[in-house]
1. Can you pull the accessible area of residue B:123 for me, 1.4 Å probe, Å² to the nearest 10?
2. In Å and whole numbers, how far do the C-alpha atoms of chain B stretch along each principal axis, longest first?
3. On average, how much area does the Cα convex hull of chain A cover when viewed from any direction, in nm²?
4. Would any residue of segment A:299-325 have its amide N under 15 Å from a label point 7 Å out along Cα→Cβ of residue B:91? List them or say none.
5. State, as an integer percentage, the relative contact order of segment A:356-395 based on alpha-carbon contacts under 8 Å between residues 6 or more apart.
6. For chain A, what is the calculated [θ] at 222 nm in deg cm²/dmol (nearest 500), taking -39500 (n - 2.57) for each run of four or more DSSP H residues and dividing by its residue count?
7. At 1.4 Å probe size, put A:215, A:59 in order of accessible surface, largest to smallest.
8. How many nm separate the modelled label positions at residue A:561 and residue A:229, each set 7 Å beyond the Cα in the direction of the Cβ?
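The values are calculated or read from the model by the stated rules, or taken from the named source; none is laboratory data. Given the structure is predicted, the values throughout are model-derived calculations rather than measurements. Note that each Cβ is placed from the backbone with ideal geometry, even for glycine, and that neighbours are counted across all protein chains shown. To get the accessible areas, we keep the full protein, side chains included, count just its heavy atoms, and leave off ligands, DNA and RNA. Shrake-Rupley method; radii C 1.70, N 1.55, O 1.52, S 1.80 Å.
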Amino acid sequence: MKKFLTGNEAVARGAYESGVTYAAAYPGTPSTEILENIALYKEDIVAEWAPNEKVALESAFGASIAGARSLAAMKHVGVNVAADPLFTLGYTGVTGGLVLVSADDPGCHSSQNEQDNRYYAKFAKMACIEPSDSQESLDFVKEAYRISEEFDVAVLFRMTTRVCHSKGLVEEGVREEFEIIPYVKQPKKYIVAPANARLLHPVVEDRLKKLEAYSNNTFLNRIEWNDSKIGIVTSGVAYTYAKEVFGDNANYLKIGFSYPLPMDKIKEFAGRVETLYVIEELEPFMEEQMKVNGIQCIGKDKIPNVGELNPDIIAHALLGKEIETVKVDESKIVGRPPTLCAGCPHRGFFYQLSKKKNVMITGDIGCYTLGSAEPLNAIDTVICMGASISMGHGAQKAFAKNGVDIRVVSVIGDSTFMHTGINSLIDVAYNKGNTVNVILDNRITAMTGHQQNPGTGFTVQGEPTNQINFENLVEAIGIKHVVTVNPLKLDEVDKALEDAFNFDGPSVIITRWPCALKKYSQQDIEEFGPISSKCHVVEDKCKGCRICTKTGCPSISFDVTKKKAFIDPNQCVGCEVCLQSCPFDAIEKVGEK
Amino acid sequence: MAEVKNILLSGVGGQGIILASKILATGLINAGYDVKMSEVHGMAQRGGSVTTQVRFGDKVYSPIIGKGQADILVSFETMETSRWLDFVKPDGKVVINDYRLASAPILIGTSNYPEGVIEFVKEQIDDTIVLNAAELANKLGNIKTMNVIIVGALIKALELEEIDWDQVIKETVKAKFVDMNIEALKLGMNQVK
């Protein structure tokens, strides 16, 4: 019976069926569920959350050299972090098959940019495969492992949000065990000292020629002939959009193996049609290469390279189709940005920090990025994973050197700190920085849907494991002023901030309280106790000052006619941040007093 | 050949839209349709505006649609209907849950919750069905059944009531909640004539 799977679930199944025995990843939307689903095959596959994508790829690389089939998965910007090993992997090739899944995010649904990672395959001189739906996500992974070993090449398996997170019907197969390739030392292959690297480069160029020959013949690149003079070269999810728009009124060259491109096949296809369109999402990756090869085609002149595509955008761009829509009344729409949840431990910290004057706040990537939004407005910059601490350090040095009296606070989550924030904090300690560094430890990797990490005490496969002690870690780095606080206690947070501002030298504040949505571990229950009763507004005492709404809690609303605040009991979890914010003691715990 | 039908579900993160879509998709698959379903994960789930799309027919290629393409828009929250209204075909249908969730700008008092949304939608789309699923869910004794009640209304509006939905509920929800959700689904179906 067919199963209804997301692309991510299908990739996991494909890895299982391919006999993979090692997989590593760092969570990141839209890639996260790939490793989560691989981890379910506990008996057959070792699955691990790595602290960052570079580590994930290097671990998978090591498993490949050991002779096993391995996989690394990450979001598109994660490949930037893993780029260092990636480019040399392009030279060395592999032993056991190695697939790197890159989940791109056209439209920036949950990302800071919409880079097109197919260019990484070309840049690092490795193979690129692009599935269009869930069935292909499974089938193409199996072919990827075959190619990886036949051509001695790592495969960049490029997915996009709509492939990762769309469900379709999938026919599953059975697992074929992959017998580990016996280990032999291969110094000329795996020690890329300059003398060896020079020898590897021509091998790589030769490999690309062989891969192009394969590309011209593989089932991954297939032609669908129909009775039409229009030809369409397309790949990934864009193929499904093209089929919706043109149906049987066009011929298709459906590219599943997009680097190296099947240039002979494309030339032959182009020669048999009158009009040739290239329909690809984001950048003109195929179009540019086709034009360099003298193939006339219509692509990004008409189809946008900004944002994600859909069938209507293509119908409008190529056929001039106008879709009739009903009227929209903008006055009946108010924005609904994501917010920190009711009871979020970050709220108390940001509420207190937002009151500080004359500070620059460098932020980072995670739920707490939402501390930048109204009404907290407590973050000034968010660039990439780990950047808060290093950018804050540079800013503080520049302020000091140029006589500007602004203090810098760097704010980073627990998982992001371990991802790449540690290196930055070493920089702060080593170069005698003077920033206030705050590790928001909510005991889980929250934004991507609650993944374990080196600070939680559990692995992705549910085993108890070593747990990082942040205080000991930062002290070992050389930070002399370290304090751990409960971020829901506003006075504790305020004192910690003031003490840090008054300390001459770099400091670390660790805010330690679980994510409001976290399923408590036994350790959490012992440390943080049961959740206390909810809060409510005592209307007689409420003066209508609205200060409690400045905490940005989604359970608090203000009744304009009654001029009173109201706490929704269905949402409140009793964190008491609003209770502490109220200057008139008008918020109390339900059942107390 | 059955024409592909497009369903757009909209609401707010945390309202159970993904489970609602899963129930719907399971029923359609059991009935022998090809189905594609598209979800948005990640940052939008933190109380933000959320949509899923379900498409079904003999053969479905694209997992998503553009504006003016939905045969039916089902909105789990009133104001969200306004946000996604131009995705509905001019001769399509709308199911609105008469249920308000204030967004951040409304909570902090920089905007007011818009009035007259339902009336405006009715002016644009003749076939608009309004139900108060929260009230119905409270009568059932569990506010969390609100999403399944809405699915019930959607099933009836799409004339899909011939599918064995009791079986679908058994496949998609935990055993101890099966009876309550079967009841919720029927309650929702009864809201549509």
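1. Near enough 140 Å² of accessible area.
2. So the extents along the principal axes, rounded to whole Å, are 48, 38, 36.
3. Values: hull surface 130.9 nm².
Dividing the Cα hull surface by four gives the mean projection, 32.7 nm².
4. A:324-325
5. Values: 46 pairs, mean separation 17.7, N = 40.
Across segment A:356-395, relative contact order equals 44 percent.
6. Values: 21 runs with 204 residues, N = 593.
Mean residue ellipticity at 222 nm (helix-derived): -10000 deg cm²/dmol.
7. Numbers: A:215 0, A:59 40 Å².
Ranked list, largest accessible area first: A:59, A:215.
8. Simple spin-label model gives 6.8 nm for this pair.
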